[in-house]
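Since the structure comes first, as structure tokens, the remarks are kept for the end.
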Amino acid sequence: MTIISPHTTKHIIKVAVPTPVRRTFDYLVPDSSTRAVVGARALVPFGKRTLCGVIVQICDSSPIAKLKHALEILDSSPLYTPQMLKLFTWASNYYHYPIGMMYAASIPPYLRKKQNVDLPETNNNTATDTPLKLNDEQKTAINRIQTHFNKFAAFLLDGVTGSGKTEVYMQLIEQVINQGKQALILVPEINLTPQTLQRFKDRFAVPIAVLHSQVSEKQRAIHWLQAKNGVAPIVLGTRLAALTPLPNPGLIIVDEEHDLSFKQQERFRYSARDLIIKRGQLEDCPVILGTATPSLESWHNVKQNRYQHICLTKRAGKAVAPEIEIIDTRHKKLDSGLSNHLLHQIELRLKNNEQVLIFINRRGYAPVAMCFNCGWHQSCKRCDSNMIYHTSCMQLRCHHCASQMPLPQQCPSCNTEINLLGIGTQRIEECLSKHFPKATIARVDKDSAGTKAKLQNILDDVNSGKVDILIGTQMLAKGHHFPNLTLVGVVDIDQALYSADFRAVERLGQQLTQVAGRTGREDKKGQVILQTTQPEHPILHLILFHDYHSFLDKIYAERHAAQLPPFNAQVLLRAETKKPQEAQNFLQMTKDTLTKGGMQSVSCFGPIPAPMEKRQGFYRAQLLLQASTRKDLQQALHHALHKLEGEKLSTKVRWTVDVDPLELY
Ligand code: ADP
Ligand code: ZN
Ligand code: ZN
């Protein structure tokens, strides 16, 4: 700790202030009696405002002649460890995000202001579970990982659904805790998988800090401080937990590493999975990426020998892999998208008192309301998007903005009847309640299970056996464990086979494998019925009837041939403006700056209008940058962004830099 007095020369602090300007700002320490420490929060005057920043350096001189005094230093000991300070500097460069905004984003909202919290006494759980006897594959996995304790190593724990990855995590965590260290576990969306948290609580009689955006602000601040002070040996959270400082991390786990939710899609567009690898290096700590469906990025890292590959090939315990059946829906009469065969199989399961899951990735009743006579259909006035009919409120809703309107009684332009086309969760629910009036049906989508409590209620009903048929979107695809579920029906996946997005097929593979993994998890064999108009499609067969590795190798080779990520680096610049064309003009200017910098190795595609050009009343455009080496791309971008900051247009346009974009719209 550096103690400052007016007699020493070190009296200048560099503060990361939450502003869009991409640098730190120098201040004088408030007065002689204040101790300044690197990693503490400081209140500083900034223009007419007072902002709360983080001290990143203490030094004795500044190029600026007239410095202002900081107003107050809020912490007597640092909030951030030296490793985290390094991580933030790295991330700020890598993601081209202003460092002060990044610090601000990493602190729980409650601590962003001049506030302190008193930590309550921590109470331990009462753990009731004991470790399971491991199978050979699990033993090998644990042996290989534990030899790398106390240093950095990255592992891809590639285990089929139900292979006992969580058991592997838990037994490793136990060792880490016994060494007096902390374990950090990142999971996709904690609300969706309350069972994961429960399993940890049942196993470990120690405080667990739970970090995600849906706990109250105060509670989150408390858990953050418990993690940061080392009071909580286990820290479990969503991507934002990756930014929590820990005094003594011994193991970092990213469960379901392929999951999209690890990438933040707004403001600081970081990938928690990628950032955590850097963090492991800085903290000398092993990192495990676990999944049944590895991302191609991780697959690439295995092939490049950057990650060690550990496989769990069999389901643990009694469960066996489900039986898979593809139903050709061409020329067949479907009832709200469901085939007779699927309906018949549902009936059989219900007779046996077993549970059924119908997976469809679209909420609402019908995606298109249209007139067959004149072709009228309702699109959103603020977005380039169709409005989706919802039965619950009898309204048409846009899923991209909050707009809604009543379904017109008749076609507004020719007064004939309006038809509802396509299927969503609500339509399936209606159809199944007609076919199976005695069955209890539960629907899980953003509308019915948008809050933690609502979702928990439904899941409790499923687990207690109250629910016979469960209809759900991708919210249900991952993580859940329903012992009595024996049939999964998958409908309406075909559009993924034709998508323009080069990642669509990879995601289809993940989704189908994850959904199939929900069935037959205990002693009853599970069955998956997949309806499609493309029953012969080779990709479907690779996903469903071969091991996932051959599917990965195939799409990996395709990416290589097309020179797409992970074989090159991409950055997407997005801009949006109220006025049409302005966003494109801004990106054109950016492109000119980039090309003037003389970077031949960087290719620019665009600017072009975004696939959905108009959204929430804004006109959106994008510019894709691509290079075979990341270094060239990063350098060119640094140079260009520096220049852009001085341009007037750059303050009028809403624009963002997305490094390693996962979604190109
Ligand atoms: P994954 O995380 O790979 O999907 P889980 O850890 O959830 O798998 O394990 C799936 C099921 O198998 C769970 O019910 C778990 O208790 C059980 N299980 C895991 N390991 C073993 C084992 N070694 N022996 C018996 N059952 C096991
Ligand atoms: Zn009409
Ligand atoms: Zn809209």
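State all residues of segment 586-612 that are assigned to a helix (DSSP H, G or I) and either in contact with a Cys (Cβ under 9 Å, 6 or more places away or on another chain) or under 17 Å from Leu624 (Cβ atoms) (or both); if no residue qualifies, say none. Residues satisfying the conditions are Phe586, Leu587, Gln588, Met589, Thr590, Lys591, Asp592, Thr593, Leu594, Thr595.
One line per residue, one yes/no per condition, for (1) away from ligand 3 (no atom under 16 Å from the Cβ); (2) in a loop (DSSP other than H, G, I, E, B); (3) farther than 16 Å from Gly472 by Cβ:
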position: Cys411; (1), (2), (3): yes, yes, yes
position: Glu417; (1), (2), (3): yes, yes, yes
position: Gln426; (1), (2), (3): yes, no, no
position: Glu430; (1), (2), (3): yes, no, no
position: Ser433; (1), (2), (3): yes, no, no
position: Ala439; (1), (2), (3): yes, yes, no
position: Arg443; (1), (2), (3): yes, no, no
position: Ser448; (1), (2), (3): yes, yes, no
position: Lys454; (1), (2), (3): yes, no, no
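Note on segment 430-453: among residues that are in contact with a Leu (Cβ under 7 Å, 6 or more places away or on another chain) and aliphatic (A, V, I, L, M), the one that is surrounded by the most Cβ atoms within 10 Å (Cβ to Cβ) is Val444. Hey, any hits in segment 33-55 for a residue that's modelled with pLDDT under 90, hydrophobic (A, V, I, L, M, F, W, C) and under 35 Å from the mean Cα position of the chain (by Cα)? Within segment 33-55 (the criterion being modelled with pLDDT under 90, hydrophobic (A, V, I, L, M, F, W, C) and under 35 Å from the mean Cα position of the chain (by Cα)), the answer is no, since none of the residues qualifies. Scanning segment 577-628 for residues that are among the small types (Gly, Ala, Ser), closer than 24 Å to Pro565 by Cα and surrounded by 20 or more Cβ atoms within 10 Å (Cβ to Cβ) yields Ala610, Ala621, Ala627. Residues in segment 348-366 that are basic (Lys, Arg) and over 14 Å from Thr425 (Cβ atoms) were compared, and the one that is surrounded by the fewest Cβ atoms within 10 Å (Cβ to Cβ) is Lys351. Taking the criterion of being within 19 Å of the chain's Cα centre (by Cα) and either at pLDDT below 80 or closer than 25 Å to Pro194 by Cβ (or both), the residues of segment 473-507 that qualify are Thr473, Gln474, Met475, Leu476, Ala477, Lys478, Gly479, His480, Arg507. Once segment 381-404 is narrowed to residues that are touching a His at 6+ places or on another chain (Cβ under 9 Å) and assigned to a strand (DSSP E or B), the residue that is nearest to Asn361 (Cα to Cα) is Ile388. Remark: Val467 falls outside the filter, which requires a residue to be part of a helix (DSSP H, G or I), in contact (Cβ under 8 Å) with a residue 24 or more places away in the chain and either among the β-branched types (Val, Ile, Thr) or within 16 Å of ligand 3 (Cβ to nearest atom) (or both). Applying the condition of being among the β-branched types (Val, Ile, Thr) and assigned to a loop (DSSP other than H, G, I, E, B) to segment 123-157 and asking which residue is modelled with the highest pLDDT yields Thr147.
Just so you know, in segment 394-453 the residues that are modelled with pLDDT of 90 or more, among the charged types (D, E, K, R) and closer than 24 Å to Ile358 by Cβ include one that is nearest to ligand 1 (Cβ to nearest atom), and it is Arg443.
Once segment 408-427 is narrowed to residues that are hydrophobic (A, V, I, L, M, F, W, C) and closer than 26 Å to Val491 by Cα, the residue that is surrounded by the fewest Cβ atoms within 10 Å (Cβ to Cβ) is Leu421. So is Arg362 outside any strand (DSSP E or B), in contact (Cβ under 8 Å) with a residue 60 or more places away in the chain, under 19 Å from Asp447 (Cβ atoms) and more than 16 Å from ligand 1 (Cβ to nearest atom) or not? Taking the combined requirement at face value, the residue satisfies it. Residues in segment 326-383 that are polar (S, T, N, Q) and farther than 25 Å from Pro535 by Cα: Asn352, Asn353, Gln355, Asn373, Gln378, Ser379. Of all residues in segment 565-585, exactly one satisfies the criterion of being among the charged types (D, E, K, R) and either part of a helix (DSSP H, G or I) or in contact with a Pro (Cβ under 6 Å, 6 or more places away or on another chain) (or both), namely Glu582. If the condition is being at pLDDT 90 or above and in a strand (DSSP E or B), then segment 302-323 contributes Gln308, His309, Ile310, Cys311, Leu312.
For segment 439-464, the set of residues classified as in contact (Cβ under 8 Å) with a residue 40 or more places away in the chain and over 24 Å from Cys393 (Cβ atoms) consists of Ala439, Leu459, Val462, listed by residue number.
The values are calculated or read from the model by the stated rules, or taken from the named source; none is laboratory data. Being a predicted model, the structure only gives us computed values, none of them experimental. For neighbour counting, all protein chains shown are included, and Cβ atoms are generated from backbone atoms with ideal geometry for every residue, glycine included.
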